[in-house]
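These notes concern the structure reproduced below.
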Amino acid sequence: MKTDFFKYQAQTSPHPLAIEISHAKGSYIYDVTGKKYLDFVAGVSANSLGHNPKKVTEAIKNQLDSYAHVMVYGEFIQKPQVDLCKLLASTLPENLQSVYITNSGTEATEGALKLAKRVTKRAEIIAAKNSYHGNTQGAMSVSGVDKQNAAFRPLIPGNKFITFNCEFCLQQITTKTAAVILETIQGGAGFIEPYNNYLAKVKKRCEEVGALLILDEIQSGIGRTGTFWGFENYNVVPDIIITGKGLGGGMPIGAFIASYKYMNLLKENPKLGHISTFAGHPVIAAAGFATATEILEKDLLSESLRKEKIIRKHLQHKAILEIRGKGLMLAAMVESDELAAKIIFKCLDKGLILFFLLFEGRAMRITPPLTISDDELIEGCNIILKAIEEVG
């Protein structure tokens, strides 16, 4: 199968991990030889409840027994969609009550950008340097790493980039600005948190000039950072939220969320201002509802903070310069790209899956399932420490 994988399946990197998967359960992935791998990545923050979680699997099977796709998004009343939208709204302030479910996080970015332009009747979008919001053309246009974008230009014009956490840069937000889009915690740049009340200051500046604040919660949301939404940690309420990844419990999903007043603008002038055939797919929506319900009912929010402390306690080594991030969205930093790669591949040999970040080669991603056990966390930390010693 490996030969066919390289021959027929489009490749996304020169050197994929190329583990031939047999099955996965809980915090472990198994290859066809029977080797098991402790998963410290969770499908890049997507498998919130681990692999093959019972409640999500049951929800998928039950929905399949009723119906799958029946109509484009927003035309028929479908219980899985309504249940998920209502549940998400219940976790949010009153200005964030209208949910548009999408097929992915990058599609949610596209919808949010369109909505901001529709609301403000402005074109300029301001984003952060070293940001990442997805890989479609609009999302790439507000993603601030040129080496990722250069080969695909021209992208959508009218965008500016500021430095994350730079207060002086906020003066670039003006009456020409439709929206500022930021990751609540910068992901690909190295799991960089906002500090000194930065996000609240961005929101204040947006209010002063009539711009909107879009926060990308694709990684930091859905319980991963100790609150259901990452922005709850930072004294700010955005105008539009983007979500995805962990919401689907391993299934493909995204959503952008705003006020009724704003979202209703997509219905007219023009009609069908934002449409999608498979967005809100009932099977996926059922999985999302089961995932979010389980996270809330099992109090996995506080658990992610408690488990963060376990990682920080057990993952101490002179080669680890710092551990960035919050909750179970963490990055262990070492001195060089080469050392990080050596450790990651040595861990893979030892049965632990770590991964890279997009734009920060010195980082080792630690984003395990929220359901991972204490013993599994300690086991993984010990494997990392042994790997460091062996490659050092």
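The values are calculated or read from the model by the stated rules, or taken from the named source; none is laboratory data. Computed from a predicted model, the values in this text were never measured in an experiment. Every residue, glycine as well, gets a Cβ built from its backbone with ideal geometry; the counts of neighbours run over all protein chains shown. Side chains included, ligands, DNA and RNA excluded: accessible areas come from the protein's heavy atoms. Shrake-Rupley method; radii C 1.70, N 1.55, O 1.52, S 1.80 Å.
A few notes on this one:
- Each Lys or Arg adds one and each Asp or Glu subtracts one; over the other residues with Cβ under 13 Å from the Cβ of residue 136, this totals -1.
- Those aspartates and glutamates that a straight Cα-Cα span of less than 20 Å connects to residue 160, excepting residues fewer than 8 apart in one chain: 110, 124, 146, 183, 207, 208, 216, 239
- Loop-located trypsin sites (Lys or Arg not before Pro) in the range 284-392 (DSSP state not H, G, I, E or B) with no more than 11 neighbouring Cβ atoms inside 10 Å: 318.
- Annotation for the range 1-64: trypsin sites (Lys or Arg not before Pro) lying in DSSP loop with at most 16 further Cβ atoms inside 10 Å of their Cβ are 35.
- Spin-label pair residue 11/residue 31, simplified geometry with 7 Å Cα→Cβ offset, distance in nm: 1.7
- C-alpha long axis of helix 300-314 to longest principal axis of the chain, angle in °: 40
- Entry for the chain at q = 0.12, 0.14 Å⁻¹: log10 I(q)/I(0) = -0.96, -1.30, Debye formula applied to identical alpha-carbon scatterers, no solvent contribution.
- Rolling a 1.4 Å probe across the protein heavy atoms gives the chain an accessible surface of 45 Å² per residue.
- Loop-located chymotrypsin sites (Phe, Trp or Tyr not before Pro) in the range 73-141 whose Cβ has at most 14 other Cβ within 10 Å (DSSP): 76
- In a simple Cβ point-charge model (Lys, Arg +1; Asp, Glu -1; nothing else charged), the chain has a dipole of about 620 debye relative to its Cα centre.
- From helices alone, the chain scores -10500 deg cm²/dmol at 222 nm; the rule is -39500 (n - 2.57) for each run of n ≥ 4 DSSP H residues, then divide by the residue total.
- Sites counted here are GluC sites (Glu not before Pro) in a DSSP loop (not H, G, I, E or B) having no more than 16 other Cβ atoms within 10 Å; the longest part of the chain that contains none of them is 168-267.
- Gyration tensor (alpha-carbon) shape descriptor, the range 201-283, a/c threshold 1.5: oblate
- Gyration tensor verdict on the range 338-392 (Cα atoms; rounded if a/c is under 1.5, prolate if a/b is larger than b/c, oblate otherwise): oblate
- Residue-count net charge about residue 176 - beta-carbon cut-off 10 Å; Lys, Arg +1, Asp, Glu -1: +1
- Across 121/201; 245/271; 61/298, pairs whose alpha-carbon gap is larger than 26 Å: 245/271
- Across the cross-link table entries 203/307; 7/386; 176/204; 203/267, which are compared at the Cα atoms, the separations over 24 Å belong to 203/307; 7/386; 203/267.
- Cysteines, the chain, no other Cys beta-carbon under 4.7 Å: 85, 206, 347, 381
- Cα long-axis angle, helix 79-90 against the chain (0 to 90 degrees, to the nearest 10): 90
- Taking N as its residue count, the alpha carbon Rg of the range 18-176 over 2.2 N^0.38 Å: 1.35
- Of the accessible area of the chain, computed with a 1.4 Å probe over protein heavy atoms only, carbon and sulfur atoms account for 54 percent.
- Principal axis dimensions, largest first and in whole angstrom, of the range 118-218 by Cα: 36, 32, 23
- Angle in degrees between helix 105-120 and the longest Cα principal axis of the chain, rounded to the nearest 10: 20
- Most simply put, the chain has about 60% antiparallel DSSP beta bridges, counting only bridges with both residues inside it.
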